[in-house]
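Trainee: After the structure tokens below, expect a handful of questions from me.
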DNA sequence: GTAACTGCAAACCTTTTGCAGCTTG
DNA sequence: CAAGCTGCAAAAGGTTTGCAGTTAC
């Protein structure tokens, strides 16, 4: 993703283009797994001379979330919320209980099931979260 | 569940029988949905002359969780953790996004899928969480 | 009698907020 | 220039902890 695409994206969402926002967006975009505000804070800080402020991180995340650019993940790590880019596609995660690695899964096993469930329960189903836990290949060895 | 069954259960887990623990256990046992520590605190307090202490609630919950009697639910309500009795059966929940009502679902749609996923990813799958969100019948009307 | 449970107050940790100053469009 | 970002410090809200006193076994 190039600089101008990002500028364009922000313009579309009526967001001012600031260095912090660009960095935060790219960080999440390139992250292979959901990360916490503190982690974002640390990562951005090392890239800059002067560290970013933690509240700024939270505020940017909140803004992005409201614009639908970022998702606050259902997964919590030791009481810390995790954030990820909204890929605009339905996606689930596989979490290693040992090393906490989080990998996205392709596809979703719940298709017809939701329709069935609506009939059974009378609920109007809108969304779901699925997280699967286990041991990743490398943690199985140890 | 009768008093002596509870005494027996606690004995089995090497837990001392205290009034607070009995009340907390029964409360969760009879609750139709996961509830927060604060809610437990409130509910027990109204049943007693003298209110229970919030930290006691947290400590009992932690103890029960370690013994496998209680599950800390994956579902968070406004940053508050929710707890439920460990029914020892695989169970998922349906959550109304409007009134926050939580209903257990019978059955689980993920059976063969996990086996398939193990083959695909190399993970050893141990557990999963599924929460489905929507509008409950009464909230759909309004 | 001893180990474990409880209440109380304080600490902890993540997240939020008010305000003053600065930057973007 | 106006609107809206940002840093700083303080507050908020849920959860944990140390300690002293009490209770269960």
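The values are calculated or read from the model by the stated rules, or taken from the named source; none is laboratory data. Small disclaimer: the values here were computed from a predicted structure and weren't measured. Counting neighbours? That spans all protein chains shown, and the Cβs are built from the backbone with ideal geometry, glycine included.
Trainee: Name the residues in region A:76-105 that are in contact with a helix residue (DSSP H, G or I) (Cβ under 8 Å, 6 or more places away or on another chain), more than 16 Å from DNA strand D (Cβ to nearest atom) and under 26 Å from residue A:6 (Cα atoms), would you?
Mentor: A:84, A:85, A:103
Trainee: Does residue B:71 satisfy being under 11 Å from the mean Cα position of the chain (by Cα), more than 11 Å from DNA strand D (Cβ to nearest atom), at pLDDT 95 or above and not assigned by TED's automatic domain parsing to the domain that holds residue B:129?
Mentor: yes
Trainee: With the requirement that a residue be in a loop (DSSP other than H, G, I, E, B) and at the interface with another protein chain (Cβ under 9 Å from one of its Cβ atoms), what does region A:84-113 give you?
Mentor: Result: A:97, A:106, A:109, A:110.
Trainee: Here is a follow-up. Would you point out the residue of region B:126-142, among those that are at the interface with chain A (Cβ under 7 Å from one of its Cβ atoms) and in a helix (DSSP H, G or I), that is surrounded by the most Cβ atoms within 10 Å (Cβ to Cβ)?
Mentor: My answer is B:140.
Trainee: Okay, next question. If I filter region B:41-68 down to residues being out of contact with any helix residue (DSSP H, G or I) (no Cβ under 7 Å at 6 or more places or on another chain) and more than 13 Å from DNA strand D (Cβ to nearest atom), which single residue comes out as farthest from the other protein chains (Cβ to nearest Cβ)?
Mentor: Of everything passing the filter in region B:41-68, B:49 is farthest from the other protein chains (Cβ to nearest Cβ).
Trainee: A follow-up question, please. Being in a helix (DSSP H, G or I), more than 19 Å from residue B:130 (Cα to Cα), modelled with pLDDT of 95 or more and within 10 Å of DNA strand C (Cβ to nearest atom): is that true of residue B:60 here?
Mentor: For residue B:60, the condition - in a helix (DSSP H, G or I), more than 19 Å from residue B:130 (Cα to Cα), modelled with pLDDT of 95 or more and within 10 Å of DNA strand C (Cβ to nearest atom) - is met.
Trainee: Restricting to region A:43-57, give me the number of residues that are surrounded by 14 or more Cβ atoms within 10 Å (Cβ to Cβ) and away from DNA strand C (no atom under 12 Å from the Cβ).
Mentor: Counting residues in region A:43-57 that are surrounded by 14 or more Cβ atoms within 10 Å (Cβ to Cβ) and away from DNA strand C (no atom under 12 Å from the Cβ) gives 4.
Let's see how each residue does on (1) touching a strand residue (DSSP E or B) at 6+ places or on another chain (Cβ under 7 Å); (2) under 23 Å from residue A:67 (Cβ atoms); (3) touching a residue at least 24 places away in the same chain (Cβ under 8 Å):
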{"site": "A:81", "(1), (2), (3)": "yes, yes, yes"}
{"site": "A:97", "(1), (2), (3)": "yes, no, yes"}
{"site": "A:112", "(1), (2), (3)": "no, no, no"}
{"site": "A:125", "(1), (2), (3)": "yes, no, no"}
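Trainee: Answer yes or no: is there a residue in region B:21-36 that is at pLDDT 95 or above, loosely packed, with under 14 Cβ neighbours inside 10 Å and either within 11 Å of DNA strand D (Cβ to nearest atom) or not in a helix (DSSP H, G or I) (or both).
Mentor: No: zero hits.
Trainee: Kindly check whether there is at least one residue in region A:114-125 that is within 11 Å of another protein chain (Cβ to nearest Cβ), surrounded by 17 or more Cβ atoms within 10 Å (Cβ to Cβ), in contact with a helix residue (DSSP H, G or I) (Cβ under 9 Å, 6 or more places away or on another chain) and in a loop (DSSP other than H, G, I, E, B).
Mentor: Taking every residue of region A:114-125 in turn, at least one turns out to be within 11 Å of another protein chain (Cβ to nearest Cβ), surrounded by 17 or more Cβ atoms within 10 Å (Cβ to Cβ), in contact with a helix residue (DSSP H, G or I) (Cβ under 9 Å, 6 or more places away or on another chain) and in a loop (DSSP other than H, G, I, E, B).
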